[in-house]
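The values are calculated or read from the model by the stated rules, or taken from the named source; none is laboratory data. Not measured: the values here are computed from a predicted model. Every residue, glycine as well, gets a Cβ built from its backbone with ideal geometry; the counts of neighbours run over all protein chains shown.
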Amino acid sequence: MDWHTFLIITHIIGTVFGVGGATFAEVFYLKSIKDGDIDSTESSFLKTTYFILRIGIILLVLSGFGLLILNRLEGATQYLYNPRLWAKLTLTLVIVVNAILLEIRLIPIWLGFSLSFTSWYAALVLGLWRGASAAGYVTIMLWYIIAVFVVAFILGAIKKWYVE
Amino acid sequence: MLNNMIAILPQLLIAHVIIGLIGVMSSYALLMGLLKRKASLGFLKGAAWLAAISYIIAWFTGGYYYIVFYGKAIKPVIKAGAYPWAHSFFMETKEHLFLFLPILAITLFVLVIRCGVAFDTHSNLKKNTALVAAITTAIGVFMALAGVVISGAVR
């Protein structure tokens with residue numbers, strides 16, 4: 001197996017852990033708060049999900065930069081100024097800064113959860129949709145911001161329907 | 001001798017990037033640990049140690065690559081290309097911030113080792129250590145992204 005294949009596989013595993021983790025974090029959170037109290041089993045499930053999310057982002061960042069080094073060493077440096085790449089780097093930053101803001105409670109939960117959920121799915125979509133590069137960085141990020149609020153609305157509606 | 005030196009340059013670049021990223025992740029993990037209400041001292045010590053070691057190794061590998069190869073072979077290509085600001089702004093900034101990272105990481109390590117037991121009783125000490133960890137992580141993130149900008153300008 002060559003380095004490119006190895007890095008792509010690791011990148012996909014990181015994305016699967018991240019997107020899956022973000023999805024199940026939301027599902028477990030909703031199930032946990034339904035009875036108005038998060039018990040020790042529910043807390044343990046949530047902690048395990050966040051652990052998988054962290055593994056996902058570590059794999060994603062290391063393999064992503066591994067692919068960038070490979071591009072640099074093979075002379076394919078034009079990819080390093082690709083708007084899709086910079087959008088993905090921005091989303092990664094949003095995910096890690098959002099985790100800090102949630103920890104110190106400087107962001108409303110509804111926005112923090114929507115940012116995490118949307119960022120992971122947006123990273124997945126951008127990773128697969130090569131044609132998105134043509135839209136440019138600003139357009140991609142504008143669509144992302146709209147998506148964050150749409151997802152926040154949908155998650156709020158699900159919470160209202162399921163919990164309240 | 002010269003051929004051996006040139007042959008290890010890609011390995012040095014790979015080590016610089018990957019170990020530097022491990023440093024950024026470790027200082028971020030340290031920051032997140034410090035922000036928790038009840039921090040695990042063992043986790044904080046491990047993260048601070050890994051951050052310090054990683055930033056020091058990334059410092060030497062990057063420094064060696066810069067002195068031996070970048071200045072002579074890469075810098076002229078960037079300056080003559082379409083993105084000369086990748087060197088004149090990003091690399092120049094990186095060169096100066098480069099000096100802070102190992103010092104900040106060692107400071108964090110010493111703080112956690114010497115004062116870690118007092119974090120739960122002295123919240124100001126814990127908050128200010130978290131601030132240093134946040135500054136270290138922010139500089140580390142800038143260094144990583146600036147590295148992408150600089151590498152992309154080599155055409």
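Find the residue count for region B:76-99, including only residues that are of a type in the set (Gly, Ala, Ser) and in contact (Cβ under 8 Å) with a residue 12 or more places away in the chain. Steps first, answer last, please.
Looking only at region B:76-99, we keep the residues that are of a type in the set (Gly, Ala, Ser), and these are B:80-82, B:86, B:88.
Adding the requirement that they be in contact (Cβ under 8 Å) with a residue 12 or more places away in the chain leaves B:81-82, B:86.
Selection size over region B:76-99: 3.
If a residue must be within 11 Å of chain A (Cβ to nearest Cβ) and surrounded by fewer than 19 Cβ atoms within 10 Å (Cβ to Cβ), how many such residues does region B:128-140 contain?
Number satisfying all stated conditions: 2.
Which of the residues spanning region A:78-90 are touching a residue at least 40 places away in the same chain (Cβ under 8 Å) and among the aliphatic types (A, V, I, L, M)?
The one that is touching a residue at least 40 places away in the same chain (Cβ under 8 Å) and among the aliphatic types (A, V, I, L, M): A:ALA87.
So which helices (runs of 4 or more DSSP H) stay within region B:1-115 end to end and still have 3 or more residues that are modelled with pLDDT of 90 or more, surrounded by fewer than 22 Cβ atoms within 10 Å (Cβ to Cβ) and within 12 Å of chain A (Cβ to nearest Cβ)?
Numbers: elements: B:2-7, B:9-35, B:41-65, B:75-80, B:92-97, B:100-115.
Fully inside region B:1-115 and qualifying: B:9-35.
From the residues in region A:20-54 that are surrounded by fewer than 19 Cβ atoms within 10 Å (Cβ to Cβ) and among the β-branched types (Val, Ile, Thr), which one is nearest to A:VAL96 (Cα to Cα)?
If we take residues in region A:20-54 being surrounded by fewer than 19 Cβ atoms within 10 Å (Cβ to Cβ) and among the β-branched types (Val, Ile, Thr), then A:ILE52 is nearest to A:VAL96 (Cα to Cα).
So how many residues does region A:149-164 have that are surrounded by fewer than 17 Cβ atoms within 10 Å (Cβ to Cβ) and in a helix (DSSP H, G or I)?
Of region A:149-164, the ones surrounded by fewer than 17 Cβ atoms within 10 Å (Cβ to Cβ) are A:149-150, A:153-154, A:156-158, A:160-164.
Retained after the next criterion (residues that are in a helix (DSSP H, G or I)): A:149-150, A:153-154, A:156-158, A:160-162.
So the count comes out to 10.
Got a sec? Which of A:LEU106, A:LEU93, A:LEU59, A:LEU101 is facing chain B (nearest Cβ under 8 Å) and free of Cβ contacts under 8 Å to residues at least 60 places away in the same chain?
Of the residues listed, the single one that is facing chain B (nearest Cβ under 8 Å) and free of Cβ contacts under 8 Å to residues at least 60 places away in the same chain is A:LEU93.
How many residues are assigned to a helix (DSSP H, G or I) and either among the aliphatic types (A, V, I, L, M) or surrounded by fewer than 17 Cβ atoms within 10 Å (Cβ to Cβ) (or both) if we restrict to region A:55-76?
Here is the first cut: in region A:55-76, the ones assigned to a helix (DSSP H, G or I) are A:55-73.
Keeping just the survivors that are either among the aliphatic types (A, V, I, L, M) or surrounded by fewer than 17 Cβ atoms within 10 Å (Cβ to Cβ) (or both) gives A:55, A:57-62, A:67-70, A:73.
Summing the residues that are assigned to a helix (DSSP H, G or I) and either among the aliphatic types (A, V, I, L, M) or surrounded by fewer than 17 Cβ atoms within 10 Å (Cβ to Cβ) (or both) in region A:55-76 gives 12.
Output the number of residues of region B:39-79 satisfying the condition of being β-branched (Val, Ile, Thr) and either more than 21 Å from the chain's Cα centre (by Cα) or farther than 30 Å from B:LEU131 by Cα (or both).
Here is the first cut: in region B:39-79, the residues β-branched (Val, Ile, Thr) are B:53, B:56-57, B:61, B:67-68, B:74, B:77-78.
Those still in the list that are either more than 21 Å from the chain's Cα centre (by Cα) or farther than 30 Å from B:LEU131 by Cα (or both) too: B:67-68, B:74, B:77-78.
Of the residues in that region, 5 qualify.
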